[in-house]
């Protein structure tokens with residue numbers, strides 16, 4: 001009678017061994033709102049955004065894309081959260097650091113001395129586009145010759 005149950009016991013042991021050796025599923029880690037916002041701006045580490053190739057710029061509702069047609073913004077998500085710009089005119093600094101403004105993670109601030117520095121810049125990232133909106137008040141606007149850079153800006157950038 002013991003010999004009848006031996007194959008059943010052997011099967012049960014082998015089955016238990018196979019089940020216990022099965023690869024465990026990794027727990028799903030939830031990203032924080034800050035991680036999600038950082039990825040929207042920088043992808044997996046560094047992102048390059050540009051006006052060229054389909055972007056646009058408005059100031060107080062008027063198109064000024066030609067002024068910033070070759071503008072580029074590089075954002076890095078490293079521990080220092082750095083940025084750099086190309087062809088930014090007198091609006092943005094050439095480089096510096098960026099940080100989120102507050103805990104909603106829908107705005108960031110750039111360091112520097114140019115008019116866009118220290119302003120809260122609202123952003124919306126959709127697919128390969130990044131929309132930046134910010135205001136340069138008249139007292140903080142740099143006057144370059146006969147014009148002021150004050151106004152409400154909207155930059156629609158495309159991923160490069």
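Observations
Conditions tested, residue by residue: (1) within 22 Å of residue 64 (Cα to Cα); (2) out of contact with any helix residue (DSSP H, G or I) (no Cβ under 8 Å at 6 or more places or on another chain); (3) at pLDDT 95 or above.
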| position | (1), (2), (3) |
| --- | --- |
| 90 | yes, yes, no |
| 99 | no, yes, yes |
| 110 | yes, yes, yes |
| 137 | yes, yes, no |
| 144 | yes, yes, no |
| 148 | yes, no, no |
| 160 | yes, yes, no |
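- Selection count where residues are in a strand (DSSP E or B) and either under 20 Å from residue 43 (Cα atoms) or in contact (Cβ under 8 Å) with a residue 24 or more places away in the chain (or both), scope the stretch 112-135: 11
- Residue count for the stretch 99-111, restricted to those that are free of Cβ contacts under 8 Å to residues at least 40 places away in the same chain and in contact with a strand residue (DSSP E or B) (Cβ under 8 Å, 6 or more places away or on another chain): 6
- Meets criteria (closer than 20 Å to residue 39 by Cα and over 14 Å from the mean Cα position of the chain (by Cα)) for residue 90: no
- Any hit, the stretch 29-46, residues being at pLDDT 65 or above, part of a strand (DSSP E or B) and within 12 Å of the chain's Cα centre (by Cα): yes
- Hits in the stretch 47-59 (condition: surrounded by 11 or more Cβ atoms within 10 Å (Cβ to Cβ) and in a loop (DSSP other than H, G, I, E, B)): 51, 52, 54, 55
The values are calculated or read from the model by the stated rules, or taken from the named source; none is laboratory data. Everything quoted here is computed from the prediction, not taken from an experiment. FYI the Cβ positions are ideal-geometry reconstructions off the backbone, even for glycines, and counts take in every protein chain you see.
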